[in-house]
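See below for the structure under consideration.
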Amino acid sequence: MTGPSFFGTDRMSDAHAPITQDVLTIPRKLPDGPTNLVGLTRDGLKEALLAAGTPEKQAKMRTGQVWQWIYQKGIRDFGQMTNLSKDFRAMLAENFVIELPEVVSKQVSSDGTRKYLVRIAGGHEVETVYIPETDRGTLCISSQVGCTLTCSFCHTGTQKLVRNLTPGEIIGQVMMARDDLGEWPEPGKSNPPTTRLLSNIVLMGMGEPLYNFENVRDAMKIAMDPEGIQLSRRRITLSTSGVVPEIARTATEIGCQLAVSFHATTDDVRDKLVPINKRWNIEELLAALKEYPKASNSERITFEYVMLKDVNDSDEDAHRLLELIKGIPAKINLIPFNPWPGAPYERSSNNRIRAFADIVHNGGYSSPVRKPRGEDIMAACGQLKSATERARKSRKEIAAEAGLS
């Protein structure tokens with residue numbers, strides 16, 4: 001998952017791997033097939049309409065109209081786009097589709113958390129989680145199939161990276177969840193409900209977002225567009241395990257909130273928990289965070305810290321953490337470890353977590369303890385992993401052992 005916060009992180013097996021991962025992204029247009037409009041930027045949508053024969057003088061207006069139908073009203077049928085001429089709607093239907101990732105299954109936890117297994121192009125699957133709260137509804141979305149960073153405490157990190165998600169597959173998770181929540185405007189009404197069930201997005205699902213930067217950026221621009229889904233940039237949080245060269249771009253090109261999957265206060269421990277630390281160590285990561293363009297008292301950087309018994313949860317760790325983040329506007333999210341079958345760690349005791357939180361709080365930083373959500377359906381932080389991809393991996397391993405591959 002994104003490696004950092006909600007479901008886990010990715011691992012980089014080679015500490016000298018390139019910043020931009022060389023993984024396949026399925027194109028939006030299949031050979032000899034219609035183009036999926038979901039995920040195209042405004043400029044991309046305009047270019048597509050022009051290529052399909054839209055007159056230059058109408059292109060800007062038509063782009064805005066189609067954009068609003070898709071992202072503001074949730075319409076998938078060109079025939080229902082009633083402010084467009086019949087001929088133009090026919091042209092759209094001939095050349096384009098409006099398609100979202102397929103929901104394979106939905107599980108609902110006893111606490112109301114919803115976990116969706118979503119199928120994308122190529123038959124691959126990712127997981128998306130919706131967490132309802134009294135004052136908000138947060139959707140945790142994936143950016144890659146599998147992981148590259150293999151953080152040792154994260155179940156998602158045990159699944160190999162398959163490929164990046166396209167912008168359409170990323171924003172498609174948001175649209176799919178709005179479908180399930182019934183949150184599109186009622187026909188004939190232009191405005192969404194005043195109380196939004198899906199009010200926040202966190203890029204904390206499967207994958208490391210900063211290894212799929214451009215696609216994540218384009219998808220989040222769609223989510224923030226004032227004529228579309230209309231989420232404030234401050235309601236979107238991107239979580240990274242520490243891809244240092246891409247951190248500043250998050251502020252300048254996306255503008256969302258930043259979270260860092262930190263989890264340790266020494267390089268020796270972080271090397272084991274978050275292997276990307278072997279490439280960009282704690283000192284380099286903190287230097288980048290101190291220079292983060294949007295860091296301020298009103299837009300603090302979130303440090304995510306999973307609590308692992310006898311690994312990173314001592315009083316000394318808490319005091320060392322305070323020294324490390326000194327000078328960075330920040331809050332510390334303490335995450336009780338969410339176990340999974342075969343996990344090599346145990347959750348810190350409640351007393352130990354409280355003691356750690358008290359030290360951080362007394363040091364002047366907010367230190368909320370995240371309440372585990374969706375544990376009974378394996379939807380909690382660090383637990384996401386596609387059963388289908390796990391099965392594929394197992395078949396490959398079996399074939400290799402039998403000398404068949």
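The C-beta contact set for the stretch 318-331 (first residue in the same structural domain as PRO293 (by TED's automatic domain parsing) and within 11 Å of TYR365 (Cβ to Cβ), second residue of a type in the set (Phe, Trp, Tyr) and not in a loop (DSSP other than H, G, I, E, B), distance under 8 angstrom, 6+ apart or interchain) comprises ALA318/PHE356; LEU321/PHE303; LEU321/TYR305; ILE325/PHE303; ALA330/PHE303; LYS331/PHE303.
Residue count for the stretch 287-301, restricted to those that are crowded, with 19+ Cβ neighbours inside 10 Å and either in contact with a Leu (Cβ under 7 Å, 6 or more places away or on another chain) or in a helix (DSSP H, G or I) (or both): 2.
Do you know which residues across the stretch 36-58 are within 26 Å of PRO187 (Cα to Cα) and either surrounded by fewer than 16 Cβ atoms within 10 Å (Cβ to Cβ) or of a type in the set (Val, Ile, Thr) (or both)? So that I can check it myself, show each step before the final result.
Of all residues in the stretch 36-58, those within 26 Å of PRO187 (Cα to Cα) come to 36-42, 45-46, 49, 58.
Scanning the stretch 36-58 gives VAL38, THR41, GLN58.
Looking at ILE247, ILE222, just one residue is out of contact with any Asp or Glu (no Cβ under 7 Å at 6 or more places or on another chain), touching a residue at least 12 places away in the same chain (Cβ under 8 Å), under 18 Å from ILE141 (Cα atoms) and of a type outside the set (Ser, Thr, Tyr), and that residue is ILE222.
Matching residues to (1) farther than 18 Å from MET206 by Cα; (2) under 18 Å from the mean Cα position of the chain (by Cα); (3) surrounded by fewer than 21 Cβ atoms within 10 Å (Cβ to Cβ):
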residue: LEU84; (1), (2), (3): yes, no, yes
residue: ARG89; (1), (2), (3): yes, no, yes
residue: VAL103; (1), (2), (3): no, yes, yes
residue: TYR116; (1), (2), (3): no, yes, no
residue: THR128; (1), (2), (3): no, yes, no
residue: PRO132; (1), (2), (3): yes, yes, yes
residue: ARG136; (1), (2), (3): yes, yes, yes
residue: ILE141; (1), (2), (3): no, yes, no
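Residues in the stretch 68-82 that are more than 11 Å from PRO185 (Cβ to Cβ) and outside any helix (DSSP H, G or I) were compared, and the one that is nearest to the chain's Cα centre (by Cα) is ARG76.
Tally time: how many residues in the stretch 313-366 are assigned to a loop (DSSP other than H, G, I, E, B) and out of contact with any Gly (no Cβ under 8 Å at 6 or more places or on another chain)?
Restricting attention to the stretch 313-366, the residues satisfying the condition of being assigned to a loop (DSSP other than H, G, I, E, B) are 313-314, 325-329, 337-346, 348-349, 363-366.
With out of contact with any Gly (no Cβ under 8 Å at 6 or more places or on another chain) added as a condition, the list becomes 313-314, 325-329, 339, 341-346, 348-349, 363-366.
Number satisfying all stated conditions: 20.
Counting only helices (runs of 4 or more DSSP H) that sit completely within the stretch 186-284, those holding 3 or more residues that are crowded, with 23+ Cβ neighbours inside 10 Å correspond to 213-224.
The values are calculated or read from the model by the stated rules, or taken from the named source; none is laboratory data. These numbers were taken from a predicted model, which means no experiment stands behind them. Glycine also receives a Cβ, built like all others from the backbone with ideal geometry; neighbour counts cover every protein chain displayed.
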